[in-house]
Amino acid sequence: MIQRIQTVYLFLAAALTVALLFIPVGFIVGNGIQLYEFNVFTLKDITSQKIEAQTFYLAIMLIVSAVLSLITIFLYKKRRVQMNLIALNMLLFLATYVLMLWICPDFIFAKKGLIVPDTLLFMHNKLIMLGIIPAFMLILANRAIRKDEELVRSADRLR
């Protein structure tokens, strides 16, 4: 279990997903002044520290993704189930990023009047790109599990 490379990939994916919980996603600037800070839990006003919008569902989705990666590690005897869970995890991760980078700013924040024509939303591009690494680790883990499955199948044919 621990000696398999996919365990390392899945653990790194879980660890980096948890790290995404603690980094800011972006901020809203108006008239050259930073007005709001956006993370996966809330959108809050910088000056008054008042929470303008709750985005905890993004945090829940990231936590579920991390837990799913850890659960997948311990299902090492069920390679098919592991591959299915990794596919589900990738889908969840993609949905989280679509919500975080497109739905929240363009629809939810705009509907609440937080993003108006004279304000700009800046994303922390370097930090957000950290989110690509867990997805890449999940792809590598899936590839390694598939390789193990093919090895077991070929050994069964030889018997």
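Points to keep in mind about this one:
- Flag for LEU68 being crowded, with 17+ Cβ neighbours inside 10 Å, of a type outside the set (Gly, Ala, Ser) and farther than 16 Å from ILE128 by Cβ: yes
- Test result for ILE86, within 19 Å of ILE133 (Cβ to Cβ) and within 16 Å of the chain's Cα centre (by Cα): yes
- Residue in the range 33-56 that is surrounded by the most Cβ atoms within 10 Å (Cβ to Cβ), counting only those that are among the β-branched types (Val, Ile, Thr) and within 18 Å of PHE22 (Cα to Cα): VAL40
- One residue stands out in the range 72-85 among those that are under 19 Å from GLN3 (Cβ atoms) and in contact (Cβ under 8 Å) with a residue 12 or more places away in the chain: the one that is surrounded by the fewest Cβ atoms within 10 Å (Cβ to Cβ), namely PHE74.
- The strands (runs of 3 or more DSSP E) located wholly in the range 1-101 that include 3 or more residues which are at pLDDT below 90, under 17 Å from LEU127 (Cβ atoms) and touching a Leu at 6+ places or on another chain (Cβ under 9 Å) occupy 26-30, 33-38.
- Filter result for VAL152 (farther than 16 Å from LEU58 by Cα, β-branched (Val, Ile, Thr), modelled with pLDDT under 90 and outside any helix (DSSP H, G or I)): no
- Members of the range 108-138 found to be modelled with pLDDT of 80 or more and either within 24 Å of GLN54 (Cβ to Cβ) or surrounded by 13 or more Cβ atoms within 10 Å (Cβ to Cβ) (or both), listed by number: LEU130, GLY131, ILE133, PRO134, ALA135, PHE136, MET137, LEU138
- If you filter the range 102-113 down to residues that are in contact (Cβ under 8 Å) with a residue 60 or more places away in the chain and either part of a helix (DSSP H, G or I) or closer than 12 Å to GLY26 by Cβ (or both), you find that the one that is nearest to the chain's Cα centre (by Cα) is CYS104.
- Matching option when the condition is under 17 Å from LYS147 (Cβ atoms), out of contact with any Ser or Thr (no Cβ under 8 Å at 6 or more places or on another chain) and of a type outside the set (Phe, Trp, Tyr), among VAL67, VAL81, VAL98: VAL81
The values are calculated or read from the model by the stated rules, or taken from the named source; none is laboratory data. These numbers come from a predicted model, not from an experiment. Please note: Cβ atoms are built from the backbone with ideal geometry, for glycine as well, and neighbour counts cover all protein chains shown.
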